[in-house]
Amino acid sequence: MNYIVVDLEWNQSNTGKEPEAKEIPFEIIDIGAVKLNSKKVMTGEFNQLVKPAIYQHMHKVTGDLIHLHMKDLQKGRPFPAVMEEFLSWCGENYIFCTWGPLDLFEIQRNMHFYHMHPLSDVPIRFLDVQKLFSIAYEDGKSRRGLEYAVDYLKIEKNIPFHRAFDDAYYTARILSCMEEKVFENYSIDTYVLPASRQEEIHVMFHDYMKYISREFVDKTEAFQDKEVISTKCYICHKNIRRKIHWFSPNGKHYYSISYCPVHGSMKSKIRVRKAENGKVYIVKTSKFITEEDCQKIIQKRDEAKKHHKRKKNGTKFKS
């Protein structure tokens, strides 16, 4: 299997100069990639500018960061032509690798805008090298910048940063430093979501379980679904009793604690996310935690209760 390490640069609407196209808020203008073989040896390069069709003014922040001007982009080719060449260059039997979780999502959104055949009809597994760097060398939670990781690994900085190919090159160099065992912590892109209950994703990683749902009309419908709100021991595969029922400190993230007689206390976290079509889907993670971590969740619940009570009393007072 090959590793396709890809990086993008994109442009967006300039306030006051041109409106944002809601179907494509970020227009890809530069695609760079490096191909590594199964031994993580570099075997190919891809580097193409894209001629813009949506935004004809370079956003100031984008231009300053990547040092590209609109006249440079006029030398590029239309996105569909560049993308078709890129996919042909990728070949077969590969996995995408990116620095951070956004690039693959934006590739698919740009492809959809041009009515191109989708990359996949199911969620795509990929390697988020930024996340893998944190797992391999730090705490697994922090998210460092690309140059920080290059310096940490003492990789020679022989080309600039902040152009698509340059950042893909450095990302590939970082990836090649890692042991393949860390690649078990792959990510799942959700531009395309499961189409039915049968296609919903249940993945067990080293120390936690991840569930990605199909689409629901809204949050209310999602929380009426038994699979969404279930707390099941991912080792025993049995439903277990909830010690702390689902609560939310902010209306977006929901927490619960359940207890398995064999494996102990399990924290579950639900994230409610919006799909491209305005509907919602659920990402739920479950992980066994210590008693100290349990107390932190209980404290978070108690603080949320106090906040909701103050808010309710304040509303009553104002009325």
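General remarks:
- Computed magnitude of the charge dipole of the chain (debye, nearest 20; Cβ of K, R +1, Cβ of D, E -1): 2260 debye
- Residue-normalised accessible area of the chain, expressed per residue, 1.4 Å probe, Å²: 55 Å²
- Acute angle (nearest 10 degrees) that the helix 103-113 long axis makes with the longest principal axis of the chain, alpha-carbon atoms: 70 degrees
- Cα gyration tensor shape of region 114-187, rounded if a/c is under 1.5, else prolate or oblate by comparing a/b with b/c: oblate
- For the chain, calculated [θ]222 nm from helices alone, where every DSSP H run of n ≥ 4 adds -39500 (n - 2.57): -9000 deg cm²/dmol
- Shown here for region 65-142: GluC sites (Glu not before Pro) in loop regions (DSSP other than H, G, I, E, B) with at most 11 other Cβ atoms within 10 Å, namely 92.
- Computed from phi, the 3J(HN,Hα) profile of region 199-208 under the Karplus parametrisation 6.51, -1.76, 1.60 (θ = phi - 60°) reads 8, 4, 9, 10, 10, 9, 9, 4, 9, 7 Hz, with x in place of Gly and Pro.
- Of the solvent-accessible surface of region 229-309, computed with a 1.4 Å probe and all protein chains present, 50% belongs to carbon and sulfur.
- Net charge, residue 11 excluded, C-beta distance under 10 Å - Lys, Arg +1, Asp, Glu -1: -3
- Region 242-314 shape via C-alpha gyration tensor axes, a/c threshold 1.5: oblate
- Prolate/oblate/rounded label for the chain (Cα gyration tensor, a/c 1.5): prolate
- Nearest 10 degrees, 0 to 90: helix 291-318 Cα axis against the chain principal axis: 80 degrees
- Partnerless Cys - the chain, beta-carbon criterion under 4.7 Å: 90, 97, 177, 294
The values are calculated or read from the model by the stated rules, or taken from the named source; none is laboratory data. Predicted model, so just to flag it, every value in this text is computed and none were measured. For neighbour counting, all protein chains shown are included, and Cβ atoms are generated from backbone atoms with ideal geometry for every residue, glycine included. Side chains included, ligands, DNA and RNA excluded: accessible areas come from the protein's heavy atoms. Shrake-Rupley method; radii C 1.70, N 1.55, O 1.52, S 1.80 Å.
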